[in-house]
Amino acid sequence: MTLLLDIAPFSPPATPRNTGRDIYRRFEDDPDLLVIAVVDDEGRPVGLVERNAFLVRMAAQYGYELWAKRPIARWMKTDPLIADGDMTVEEFCGRVMEERPSELLQGFIVTCAGRYAGVGTVLSLLQVTATATASHAVEMKRLAESAQDALAAKGRFLAVMSHEIRTPLNGVLAVAEIIRRKSRQADLEPLVDTILQSGGTLLRLLNDALDLSRAEASGLELHEEPMLAPRVIDDVTALWSAQAELKDVSLSAAYEGPADLWVLADRVRVQQVINNLVSNALKFAPGGAVNVRLHAERRGEYVTLVGEVADTGPGVPADRLESIFHPFQQTEDGVRLGGAGLGLAVCRQILDRMDGRIEALANPGGGGLFRFTAPLHWLPEPALAAPVACPVAAAGGSLHVLIVDDNATNRMVAQMLCEMFGCTCEAVEDGAAAVAAAATGAFGLVLMDIKMPGMDGVEATRLIRSGRQAGALTPILALTANADPADAAVYRQCGMNGVVEKPIKPERLLEAMSAVLGQPVVPNALEEARFEAA
């Protein structure tokens, strides 16, 4: 902290016997001199002469010849501000602003052990304040940059870990799903279901950690598109009914609002909020009930979407209704039942980005009650394209698929799924081999991994699209653990037709394959890919 002695330079003082002429000459010789202290023979301050007051007042009222010979004791300020040099600037300014704020402009005297040590002015105080403010600003900028670097590093770490965890998880979940579909042994079903449920929990925790990291770095984006509001509840029933049955939970889901209500929303994020709340409710209400309600009300061009998820579990203590939405915050029951305390924090981050809100309430019937509100734009019913028959099922064994992945387990999983869909396939291990294989024109579809040693999937796709062989127009699906919306946009720009996230779900892969086989490569995207490759 800055002391007064640090900002009060020692300027030779005057004595009460010095004349007006003496003082005038000092001010005239030193244009930067603003105040002069007056001290007695022992060096103790007895007065102060302030430049402007002295020159203006005395010259105007008396004239130089009249006051030049008179001692300064007749004209000095006899009760100046005096402060000990060990006082900090902050303490001094606080005291003066309380006691004598108007006199601060006239300067002040700094002492040491009661004797004169220097003089200060409001200018010196301003310089200290400005320096401190500038230093504070620089420090704050440095801290902000450090914090941003830390968030970026954490985001990169989570992205890498996401990819590394999803790769083996893809093998675990996909193989378990295949076993569940092919096995006829009833005694294996509970074991396979346990693998799928545990893997699904791990995947949700991974997604929550990534989303929270993106939100902290302002990277949680919304990708809005037309959404039929009632379909959200249909998805809840389809996704959670089986798990509710396993936990002996009575699950009910109801929609209140127009059946044909279309809104502009990020359906994935809306569904993520509801899924996190339902998953949380099922965890706390085994043997009980979970009720999901979605209410939509249109007012002109806007729609208010209100969702509620109630359960018969222990509920949230009154003193935790707010903190429960902070990362890693859980109730005692939550700690006992497991989980990382991220799901509700992610819900709040998503709704904040939607200009909505979420809250935990006291449930009149006991248990937990969570309510969220989201303002959305109303849309007229969009013109839907005619449904396309499943090209995979229609083609049967005639569809020949190229699988590109450097991981042997992932290749095996993709091959088994393709065979399950009635397709034939071949597999290669890197991007260069994929470019060569695609150039033969022997494949009707390419399933392309992204991160591979040597040539990655993005570069391989650009080279395939830049060629003039028949394979240049082959539909390409990205199979990747890096399926962030921003990443997906890059994949499409380089010429890919769609993205399927690992761990691969058979239904999602079949749906994506059917979609891309039913649409040609967009000419604009092809031209852009050729341009970038060149």
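For segment 248-298, residues that are among the basic types (Lys, Arg) and at pLDDT 90 or above total 2.
Taking segment 440-520 and the strands (runs of 3 or more DSSP E) fully enclosed by it, the elements with 1 or more residues that are under 27 Å from the mean Cα position of the chain (by Cα) are at 476-480, 498-501.
Is at least one residue of segment 272-285 outside any helix (DSSP H, G or I), in contact with a strand residue (DSSP E or B) (Cβ under 6 Å, 6 or more places away or on another chain) and within 14 Å of residue 374 (Cβ to Cβ)? No, that holds for no residue.
Inspection of segment 418-438 finds no residue satisfying the criterion of being open to solvent by less than 50 Å² (accessible area, probe 1.4 Å), under 25 Å from residue 224 (Cβ atoms) and of a type outside the set (Ser, Thr, Tyr). Among the candidates 48, 66, 5, the residue that is of a type in the set (A, V, I, L, M), at pLDDT 80 or above and open to solvent by 50 Å² or more (accessible area, probe 1.4 Å) is uniquely 5.
Only one of the listed residues (126, 81) is of a type in the set (A, V, I, L, M) and either at pLDDT below 80 or surrounded by fewer than 19 Cβ atoms within 10 Å (Cβ to Cβ) (or both). That residue is 126. Residue 395 - would you say it is more than 30 Å from residue 302 (Cβ to Cβ) and modelled with pLDDT of 90 or more? No: the conditions fail for residue 395.
Beta carbons closer than 9 Å, at least 6 apart along the sequence or on distinct chains, pair a first residue in segment 96-122 that is over 17 Å from residue 78 (Cβ atoms) and of a type in the set (Lys, Arg) with a second that is at pLDDT 80 or above and assigned to a strand (DSSP E or B) for 115/39; 115/45.
Okay, residues lined up against (1) modelled with pLDDT under 80; (2) over 24 Å from residue 399 (Cα atoms); (3) open to solvent by 20 Å² or more (accessible area, probe 1.4 Å):
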{"residue": "484", "(1), (2), (3)": "yes, yes, yes"}
{"residue": "493", "(1), (2), (3)": "no, yes, yes"}
{"residue": "502", "(1), (2), (3)": "yes, no, no"}
{"residue": "505", "(1), (2), (3)": "yes, no, yes"}
{"residue": "509", "(1), (2), (3)": "no, no, no"}
{"residue": "517", "(1), (2), (3)": "no, no, yes"}
{"residue": "524", "(1), (2), (3)": "yes, yes, yes"}
{"residue": "531", "(1), (2), (3)": "yes, yes, yes"}
{"residue": "534", "(1), (2), (3)": "yes, yes, yes"}
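Tell me the residue from 448, 412, 455 that is within 30 Å of residue 182 (Cα to Cα) and surrounded by fewer than 22 Cβ atoms within 10 Å (Cβ to Cβ), please. Don't jump to the end; show me each part of the working.
On the way: 448 fails: surrounded by fewer than 22 Cβ atoms within 10 Å (Cβ to Cβ); 455 fails: within 30 Å of residue 182 (Cα to Cα).
Going through 448, 412, 455 in turn, just one is within 30 Å of residue 182 (Cα to Cα) and surrounded by fewer than 22 Cβ atoms within 10 Å (Cβ to Cβ): 412.
Looking at (1) farther than 15 Å from residue 491 by Cα; (2) touching a helix residue (DSSP H, G or I) at 6+ places or on another chain (Cβ under 6 Å), which is the one condition that is false for residue 420? That leaves (2) as the condition not met.
The values are calculated or read from the model by the stated rules, or taken from the named source; none is laboratory data. Remember, predicted model here, so these are calculated numbers, not experimental data. Neighbour counts run over all protein chains shown; Cβ positions are idealised from the backbone, glycine included. All accessible areas refer to the heavy atoms of the entire protein, side chains included, with ligands and DNA or RNA removed. Shrake-Rupley method; radii C 1.70, N 1.55, O 1.52, S 1.80 Å.
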